[in-house]
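The values are calculated or read from the model by the stated rules, or taken from the named source; none is laboratory data. All of these numbers come straight from a predicted model, not from anything done at the bench. Note that we place each Cβ from the backbone using ideal geometry, even for glycine, and neighbour counts take in every protein chain shown.
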């Protein structure tokens, strides 16, 4: 099969399209002919050698995929050759064939193309875990979502609104702020020209927001705490601007703040299967009937994966970047 590999850790020029052996299918696996996959920040970190693949997972990049089942393991239940499926894998999406544990696979709803399906799992799973499971957002509360134009940010805006709370976002351009508002963001803050802490204080009469979803990390650490309401919850889902910060424990203690973090990659299979089922129960119906939607910024052919990575790293996208695998080699 054709697949994109990382020749050695480094910049996007180290992504190469090569021939690899077809993946071996395990008893509980589906073998999927991949039609589309989507980029995630984890892909760029793995490419640079900063985020190793999950133990036992394919070294080929690509965490979310959509395609057609072409092989079924002997212990698989509920799937057959020819089924259209999508899901969050441990890796392998940047290849023509990939394996996916059947507990992580979902039938693609009627009317969805492969690009749509591939653009959903990682960001909607992550945002749902951050906003609802850890952030415990309640109707009428306010959630500040950093990187509101990212895939996770776009999902979080819509999930927050779907469950009766008020999404606020930060983004780096007026255009991204406007597009976030069109998806339901009640307040948009351009972090290049506005201080989000001051905006939060001014707009809440000093009270602060109830939940913050942060992908930035150290650079925003103290400012996030300053923007939280008493009893507020900060959920870290990324560390794009550093992993180390000084901590004022007195502020956390005195204002009853809660700090939590989440990643998908290190979770055991059973937990990832439960997250998959939670999504199917709570979110997929709203994506099917149009109350929520995925946003695809641009599609690249698989052979242009390096250019797709550069596009993401330049923060040019609003929404997901998809790789066309079936027609892209």
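Quick notes on this structure:
- Inside the stretch 166-186, residues that are part of a loop (DSSP other than H, G, I, E, B) and either on the phi > 0 side of the Ramachandran plot or out of contact with any strand residue (DSSP E or B) (no Cβ under 8 Å at 6 or more places or on another chain) (or both) make up a count of 2.
So that you can scan it fast, the table gives a plain yes or no per residue for (1) farther than 21 Å from residue 322 by Cα; (2) touching a helix residue (DSSP H, G or I) at 6+ places or on another chain (Cβ under 6 Å); (3) without any contact (Cβ under 8 Å) to a residue 12 or more places away in the chain:
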site	(1), (2), (3)
32	no, no, no
53	no, no, no
80	yes, no, yes
103	yes, yes, no
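- Residues of the stretch 266-275 that are under 21 Å from residue 234 (Cβ atoms) and in contact with a helix residue (DSSP H, G or I) (Cβ under 7 Å, 6 or more places away or on another chain): 275 alone.
- Any hit, the stretch 123-144, residues being in contact with a strand residue (DSSP E or B) (Cβ under 7 Å, 6 or more places away or on another chain), part of a strand (DSSP E or B) and surrounded by fewer than 19 Cβ atoms within 10 Å (Cβ to Cβ): no
- Residue within the stretch 60-76 that is surrounded by fewer than 21 Cβ atoms within 10 Å (Cβ to Cβ) and modelled with pLDDT under 95 present: no
- One residue alone among 230, 244, 266 is outside the structural domain of residue 137 (by TED's automatic domain parsing), in contact (Cβ under 8 Å) with a residue 12 or more places away in the chain, exposed (fewer than 15 other Cβ atoms within 10 Å of the Cβ) and not in a helix (DSSP H, G or I), and that residue is 266.
- Just one residue in the set 66, 42, 98 is part of a strand (DSSP E or B), within 21 Å of residue 319 (Cβ to Cβ) and touching a residue at least 24 places away in the same chain (Cβ under 8 Å); that residue is 66.
- Number of the condition not met by residue 220 [criteria: (1) outside the structural domain of residue 57 (by TED's automatic domain parsing); (2) closer than 24 Å to residue 44 by Cβ; (3) outside any helix (DSSP H, G or I)]: (3)
- Within the stretch 187-212, tally of residues that are in a loop (DSSP other than H, G, I, E, B) and crowded, with 17+ Cβ neighbours inside 10 Å: 2
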